[in-house]
Amino acid sequence: MRCENMSNTFKAELTNMVMVYDKNTNRAVVQNRIKYCTGISFPGGHVEKVESFVDSAKREVLEETGLKVDNLKLCGIAQWCHKKKGNRYIVMLYKTDTFSGELIEKTEEGKVFWADIDEIPKMELSQHFESYLKVFLDDSKQEFFGLHDKKSKDISIL
């Protein structure tokens, strides 16, 4: 899949998403988002201008869950390409089982709670989160790539 009208220089919006999980209980922290991309998702957000990807992921998890995370492992990338404009939305996908603190049950982003990993796909997920989950949970998958325009919603999971 290729983006049309792309040069080597293009606008990109950089974000992150983090799967915080407890390997002893097979649970992960999920967020029922009430703002942008409503539904169940993992915590995450935008990368600030002078912030590393990992630092932004740690900050977003702390802000949205109250948990301090460490030892983040990059498990994949999700990206959207707007077919006509050529700009990208890039999400660095991390997971970790190293965390401390108390879970905040509700933030301005939505309700936050622990969920059984096997039950997450059955929940009301945010748009395309089911595809992101494949990258988080299957070590043979590394990338989600989607083309977006009014006519096409092509998706590849590589």
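Under the simplified labelling scheme, the Ala12-Glu102 pair shows an inter-label distance of 4.0 nm, with each label point 7 Å from Cα along Cα→Cβ. Measuring nothing but how far apart in sequence close Cα pairs (under 8 Å, 6+ apart) lie, relative to its length, segment 14-158 scores a relative contact order of 29 percent. Here's the picture: charge each Lys and Arg Cβ at +1 and each Asp and Glu Cβ at -1 in the chain, and of Ser100, Ile40, Val50 the one pushed furthest to the positive end of that dipole is Val50. For Lys73, the aspartates and glutamates whose Cα comes closer than 13 Å to its Cα, not counting residues fewer than 8 places off in the same chain, are Asp55, Asp97, Asp139.
Per-residue accessible area (protein heavy atoms, 1.4 Å probe) orders Ile34, Ile90, Ile77 as Ile34, Ile77, Ile90, starting from the largest. For the chain, taking the reciprocal of the average inverse distance between every pair of different Cα atoms yields a Kirkwood hydrodynamic radius of 16.1 Å. For segment 90-137, the Cβ-based charge dipole about the Cα centre amounts to some 180 debye (Lys, Arg positive; Asp, Glu negative; other atoms uncharged).
With a cut-off of 14 Å between beta carbons, the residues surrounding Gly110 carry a summed charge of -3, where Lys and Arg count +1 and Asp and Glu -1. Look at the dipole of the chain built from charges on Cβ: of Asn71, Leu133, Leu14, the Cα furthest out on the positive end belongs to Leu14. Compute the acute angle (0 to 90°) between the alpha-carbon long axis of helix 53-65 and the principal axis of greatest extent of the alpha-carbon atoms of the chain; round to the nearest 10°. Taking the Cα atoms of the chain, the angle to 53-65 is about 50 degrees.
Its Cα centre serving as origin, the chain has a Cβ charge dipole (Lys and Arg +1, Asp and Glu -1) of approximately 760 debye.
Would you calculate a helix-derived [θ] at 222 nm for the chain, using -39,500 (n - 2.57) for each DSSP H run of n ≥ 4 and dividing by the full residue count, to the nearest 500?
-4000 deg cm²/dmol, from helical runs alone.
Under 18 Å from a label point 7 Å along Cα→Cβ of Asp70: give me every residue in segment 94-115 with its amide N that close. Counting only backbone N, you get 95-103.
The values are calculated or read from the model by the stated rules, or taken from the named source; none is laboratory data. Since this is a predicted model, take the numbers as computed values, not measurements. Quick reminder, even Gly has a Cβ in these numbers, built from the backbone with ideal geometry, and neighbours come from all protein chains shown. Only protein heavy atoms, including side chains, enter the accessible area calculation; ligands, DNA and RNA are left aside. Shrake-Rupley method; radii C 1.70, N 1.55, O 1.52, S 1.80 Å.
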